[in-house]
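The numbers here are math on the coordinates, done by the rules we state, and not lab data. Just so we're clear, the structure is a prediction, and the values are computed from it rather than from any experiment. Cβ atoms come from the backbone with ideal geometry, glycine included; neighbour counts cover every protein chain shown.
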Amino acid sequence: MARAVRRSAGSPAPRSEDVARVAGVSRKTVSRVLNNEPYVSDAVRQRVLEAAEELGYRLNNAARALASGRTRSIGVVALGTAGYGTAMLLVGIEKAVRDAGYALRMVSTLDGEPDDIARAVDSLLEQGVDGIIVSEPIVEGEVPVRVDVPVLFLGAPPAFVSARTLTVGVGAYELARAATDHLLNLGHTTVHHLAGPGRWYASKDRVEGWRAALSARGAHEPPVIEGDWLPTSGYAAGRELAADSSVTAVFVAGDDMAVGMIHALREAGRSVPEDISVVGFDGNPVFAYVVPALTTVRQPFDAAAREGIRLLVHAIEEPETGLPPAGDPPVELVVRGSTAPPPARKAPIRGRRMASGSSGSAHAPPAGGGPPTTD
């Protein structure tokens, strides 16, 4: 392996022609290798990289940007919150951007107002990003900005005009249907819903999925209760629902709210899942260890981010070609101890047989007839 050459103080920095001389290739070949362009053999590529390392050569990123018209960086506009779902989606984006060979630039907004998003987008454009991701769940109204680079709207519809607009869903509608279907399959005649804030697109998708599942079964649609993603709003909703003896199942739009609800229900004397079943949303692994362990649907953060970045990079690097078809994110139901058949549908204790070592109620399979996913 080549060793970096130690230069004396004041000696000139190596240039691309020095790398070409040591590697025995042309300057154009050096440029192709260092810009990761095709049509260079593996052997030549390795020789150029070793020569660059030996000389201590570092590619001037500003010069590369001027030559190619690209900075190999992608910007993301994100909501400034530490919520599990928002944070994990950003982690997935960061991984996917890095794996694609790009640097990530991030600007957060405090409350997702259109003017805030416009300022965040302008800030990213000033940094010369090649594309932008809007991972911003609470846009209402058109954002007053026009963008001359491709833009990916992840989990939300387009909110402004761009050179090329892409949208990729995170599967919230399908996950909400799966959660509701799971409870209906257990025999519950209807399912109540604790939603997130009404301004959030994520809340709207989950409400629509819940409604579609009820409608498909001809089930009664109870009034939606609105929360704010925090356990305290789940606790307040749980106090409200505990007073209604007809409630046997609840789909909650976030795991944190679901845990707050379970606490309120049990505090009010309603057992979970014996009296009321609760399904959460997100797939936070921490809630596998609460009592009862929370049944939930797991958001495909990594899969959605990878698919979105794949399409965005294609739009950046091949602007004149059509986009490849987008894949559907996976739907994963994680069945744990917070769901069971409703009280009237349970078998009587006498004569009921349980498998040796079993500590939970029997669970019906989710919609589709396959076995439920479990941790």
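Placing a label point 7 Å from the Cα of residue 226 along the Cα-to-Cβ direction, the residues of the stretch 184-215 whose backbone N falls under 19 Å from that point are 192-211. In the stretch 248-305, the C-alpha radius of gyration followed by the widest Cα-Cα span (Dmax) gives 11.9, 42 angstrom.
Size check on the stretch 249-351: the Cα extents along the three principal axes, sorted descending, read 68, 28, 19 Å.
The alpha-carbon atoms of the stretch 178-255, seen along their principal axes, cover 30, 29, 19 angstrom, with the largest extent given first. A quarter of the convex hull surface defined by the alpha-carbon atoms of the stretch 16-59 gives 2.5 nm² as the mean projection.
On full extension, the segment bounded by residue 245 and residue 87 gains 53.2 nm, given 0.36 nm per residue less the C-alpha separation.
For the stretch 96-172, the C-alpha radius of gyration divided by 2.2 N^0.38 Å, with N the number of residues, is 1.04. Given +1 at the Cβ of Lys and Arg, -1 at the Cβ of Asp and Glu and no other charges, the dipole of the stretch 16-59 around its Cα centre is 160 debye to the nearest 20. A full extension of the chain between residue 161 and residue 126 corresponds to an added length of 10.9 nm, given 0.36 nm per residue minus the alpha carbon distance.
Model label sites at residue 27 and residue 290, defined 7 Å from Cα along the beta-carbon direction, differ in position by 6.4 nm. Remark: the residue 100-residue 189 segment gains 27.3 nm on full extension, using 0.36 nm per residue and subtracting the alpha carbon distance. Among 110-122, 254-266, sorting by the average number of other beta carbon atoms lying within 10 angstrom of each residue, highest first, gives 254-266, 110-122.
With the convex hull drawn over the C-alpha atoms of the stretch 164-307, the volume per residue is 110 Å³.
In this calculation the C-beta distance from residue 113 to residue 323 is compared with R0 = 22 Å, giving a FRET efficiency of 0.15. Each Lys and Arg adds +1 at its Cβ and each Asp and Glu adds -1 at its Cβ; summed about the Cα centre, the stretch 172-299 shows a dipole of about 140 debye.
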